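Here, each number is a calculation from the coordinates, and none is a lab measurement. The structure displayed is predicted, hence computed values, not measured ones. Note that we place each Cβ from the backbone using ideal geometry, even for glycine, and neighbour counts take in every protein chain shown.
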Amino acid sequence: MRAMMKWVTCLGFVSCVSVGMAAMAFGEMSKWNLDKDHTTLGFEVVHMVVSKTKGKFTEYSGTVEMDAEKQEFKTFDAVIQTASVTTDHQKRDDHLRSADFFDVKTFPTMTYKMKSYTKSGDQYTAVGDFTLLGVTKELILVGTFNGVAQDPWGNTRAGFTAEGTLNRKDFGMKFSKLLDNGGLMVGDEVKLKLEIEVIKEKQVKKVKH
């Protein structure tokens, strides 16, 4: 009887350790990659004082290192191809790619690298280095972590919504024309609106020989 009790106790201990290790493994920092099919890197700028022009970038890559269970983040990096800018207007897009704006031949990419973040309730405030036209300035993004879900193909996905504001002239994008009423044809303030979806990178199990 004593031997059986020791065996049951031993099994219980092993089970507890196994469950604990599994929970720790799930809670560890993991790498997640941006899903281009379900991510929108959008922007909005005032046009001729009376309206707003909206656009987005369609070519980019990025990774997030995070513990999704604890909702803790270590890194968020993104590289965006400036030539992929689109506002659904060919002539305007060609102008945006010129030296007046993104100067895509000289500066084919812009980048963002998170340095720190704070959390207040469900809201996150991330501070990162944003590099555009060879100039690096701090950019603040404020947003929410929308949760985690499993897709039908066995992938683990997570989503974020974030917004930020920058002044394009701070990065040397100085093109401007004054209107008769004294306003600017293109506003200086650019609003960023991001809908981000990431896929957890699957760990490849090493086979022992």
**OP:** Give the residue from Thr86, Phe73, Thr63 lying farthest towards the positive end of the charge dipole for segment 62-107; charges sit on Cβ (+1 for Lys and Arg, -1 for Asp and Glu) and the dipole is referred to the Cα centre.
**Re:** Thr86
Subject >> Integer Hz, Karplus 6.51/-1.76/1.60 couplings in order for segment 163-169, x for Gly and Pro >> reply: 9, x, 9, 9, 9, 4, 5
**OP:** Evaluate the charge dipole of segment 31-200 about its Cα centre and quote only its size in Debye, nearest 20, assuming +1 on the Cβ of each Lys and Arg and -1 on the Cβ of each Asp and Glu.
**Re:** 320 debye
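Summing Lys, Arg as +1 and Asp, Glu as -1, what charge do residues with Cβ under 11 Å from the Cβ of Phe43 carry, Phe43 excluded? Mind showing how you got there, number by number?
Working: positive: Lys52, Lys54, Lys56, Arg168, Lys191, Lys193; negative: Glu44, Glu163, Glu189.
Summing Lys and Arg as +1 and Asp and Glu as -1 gives +3.
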Original post:
Points 7 angstrom from Cα along the Cβ direction at Thr106 and Gln123: gap in nanometres?
Top reply: 3.8 nm
Original post:
Once the dipole of segment 63-148 is set up with Lys and Arg at +1 and Asp and Glu at -1 on Cβ about the Cα centre, which of His95, Phe130, Met110 lies farthest towards its positive end?
Top reply: His95
Original post:
For Thr165, which sequence-distant residues (separation of 5 or more, or a different chain) have an amide H within less than 5 Å of its own amide H, given hydrogens modelled in the peptide plane?
Top reply: Ile140, Leu192
Original post:
For the pair Lys137 and Thr63, how long in nm is the line joining their label points, each one 7 Å along Cα→Cβ?
Top reply: 2.9 nm
Subject >> Charge sum, other residues only, whose C-beta stays under 10 Å from Lys54's C-beta, Lys/Arg counted +1 and Asp/Glu -1 >> reply: +2
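Taking the Cα centre of segment 89-146 as origin, work out the dipole magnitude from +1 charges on Lys and Arg Cβ and -1 charges on Asp and Glu Cβ, in debye rounded to 20. List each step's numbers first, then the result.
Details: 8 positive and 7 negative charges, 14 e Å.
With only Lys, Arg, Asp and Glu charged at Cβ, the dipole is about 60 debye.
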**OP:** List every residue whose amide H lies under 5 Å from the amide H of Glu59, counting only residues 5 or more places away in sequence or on a different chain, with H placed 1.01 Å from N in the peptide plane.
**Re:** Gln81, Ser84
Subject >> In sequence order, calculated HN-Hα J values of segment 63-71 (Karplus, 6.51, -1.76, 1.60; Hz; x Gly/Pro) >> reply: 9, 10, 10, 7, 9, 5, 5, 8, 6
Original post:
Once phi is turned into ³J(HN,Hα) by the Karplus curve 6.51 cos²θ - 1.76 cosθ + 1.60 with θ = phi - 60°, what whole-Hz value does each residue of segment 112-118 show in order, with x for glycine and proline?
Top reply: 9, 9, 5, 9, 6, 7, 10
